Amino acid sequence: MKIGLIGLGIMGKPMAKNILKGGYTDLLVSDLNQAAVEEVAVCGAKASSNEEIGRTCDVVLTMLPNSPHVKSVMLGEGGVASFMRPGTVFIDMSSINPVASQEIAAELKAKGVEMLDAPVSGGEPKAIDGTLSFMVGGKQEVFDEYKPLLETMGASVVLCGEVGAGNTTKLANQIIVACNIQALAEALTLAKMAGVDPGLVFEAIKGGLAGSTVMNAKAPMMLEGNRKPGFKIDLHIKDLNNALDCAHSVGAPVPMTAEVQEILQWLHNHEGGQKDHSAIAEYYEYLTGASLAC
Ligand code: NAD
């Protein structure tokens, strides 16, 4: 199987390496960043162009920032789709608006190309380990054929419905993560202001009903004042914008999403866009003057 992967950023680069490790060695890669292309080429991939990937690959993968990037790479003038043959497949692993996934799939269908939207959860550490969670939308038979390829990068690969369902699932994931982080920052700030050590609050409650993967990952970062991004504020703003767009288009009420989005936007406006999303704690620090960092 000849595979093309476009987008070798924080996520795409380790994912490319895991595809190679998984035994899919006929891998062509491209990115605007040549240093990333060279790093993956050293591991056995072939540095390529979008045109060559479109002309020659059986399956084209993308791992790009957002809907406009995927649309322009695939459907723009001289885009990959213009070179793809009927019967080939496109799998977009970026987190984008599900409506955009459906629009791209419709244009590709007219060319005889099937599409899966397959965004991931897990961040850079799980991209490196090959233990990402894939949320997939598309036809069952296309999913069945390409599931082993996705399993080279992920520990969990679940078909959630038709095209767009993968990204709708990812939006749900991002709402839950953002609201959890906000609740955590709010609760630990309350404890601090009430004179109880927030570190002890975390220790006491993490094994109970309030405990979560988000709490285990983000409470220590808040307590240490560590803002090094696993997941950047600006990327979370992008995801929640997509969630709000999607919610407005289907008439779903999302007041919690709207509130946490305003807080993320405040952080962006205060030079926090490149910080980890656990920097939501800084918004509460701004409101109260109480810092969680010991
Ligand atoms: P990134 O910004 O590190 O990487 C994006 C890459 O796309 C860059 O290397 C960039 O040069 C390349 N690119 C942009 N436009 C291009 C074009 N026209 N042609 C070729 N290459 C182009 O982003 P990332 O963190 O790797 O995230 C990628 C996607 O995965 C996003 O949708 C993000 O929301 C999602 N995601 C990220 C994480 C995370 O923790 N970083 C976790 C889950 C999902």
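The values are calculated or read from the model by the stated rules, or taken from the named source; none is laboratory data. It should be emphasised that the depicted structure is a prediction, and the values quoted were computed from it without experimental measurement. Neighbour counts run over all protein chains shown; Cβ positions are idealised from the backbone, glycine included. Heads up: the accessible areas ignore ligands, DNA and RNA and are worked out on the full protein's heavy atoms, side chains in. Shrake-Rupley method; radii C 1.70, N 1.55, O 1.52, S 1.80 Å.
If only one of A172, A187, A165, A183 is out of contact with any His (no Cβ under 9 Å at 6 or more places or on another chain) and over 25 Å from A247 (Cα atoms), which one is it? Working first, answer last.
Details: A172 fails: over 25 Å from A247 (Cα atoms); A165 fails: over 25 Å from A247 (Cα atoms); A183 fails: over 25 Å from A247 (Cα atoms).
After applying the criteria, what remains is A187.
Can you tell me which of (1) out of contact with any Pro (no Cβ under 6 Å at 6 or more places or on another chain); (2) open to solvent by 30 Å² or more (accessible area, probe 1.4 Å); (3) assigned to a helix (DSSP H, G or I); (4) not small (G, A, S) is the one C294 doesn't meet?
That leaves (3) as the condition not met.
Looking only at residues that are more than 9 Å from I96 (Cβ to Cβ) and of a type in the set (G, A, S) in the range 48-71, which one is surrounded by the fewest Cβ atoms within 10 Å (Cβ to Cβ)?
Result: S49.
For the list (1) open to solvent by less than 10 Å² (accessible area, probe 1.4 Å); (2) within 13 Å of the ligand (Cβ to nearest atom); (3) more than 25 Å from H248 (Cβ to Cβ), I need the number of the one condition that G166 fails.
Unmet for G166, out of (1) open to solvent by less than 10 Å² (accessible area, probe 1.4 Å); (2) within 13 Å of the ligand (Cβ to nearest atom); (3) more than 25 Å from H248 (Cβ to Cβ): (3).
Any residue at all in the range 222-234 that is assigned to a helix (DSSP H, G or I) and either closer than 19 Å to Q265 by Cβ or not assigned by TED's automatic domain parsing to the domain that holds Q274 (or both)?
yes
Determine whether L223 is of a type in the set (A, V, I, L, M) and within 30 Å of A105 (Cα to Cα). Give the steps one after another, and end with the answer.
Numbers: of a type in the set (A, V, I, L, M): yes; within 30 Å of A105 (Cα to Cα): no.
Here the answer is no, as L223 does not meet what is asked.
Which of the numbered conditions does T152 fail, given that it passes all the others? Conditions: (1) modelled with pLDDT of 95 or more; (2) in contact with a strand residue (DSSP E or B) (Cβ under 8 Å, 6 or more places away or on another chain).
Result: T152 passes all but (2).
Take residues that are within 23 Å of the chain's Cα centre (by Cα), more than 12 Å from the ligand (Cβ to nearest atom) and not assigned by TED's automatic domain parsing to the domain that holds C246 and tell me which of the helices (runs of 4 or more DSSP H) falling wholly in the range 1-107 contain 3 or more.
Working: elements: 12-21, 34-42, 50-56, 67-75.
The qualifying helices (runs of 4 or more DSSP H) are 12-21.
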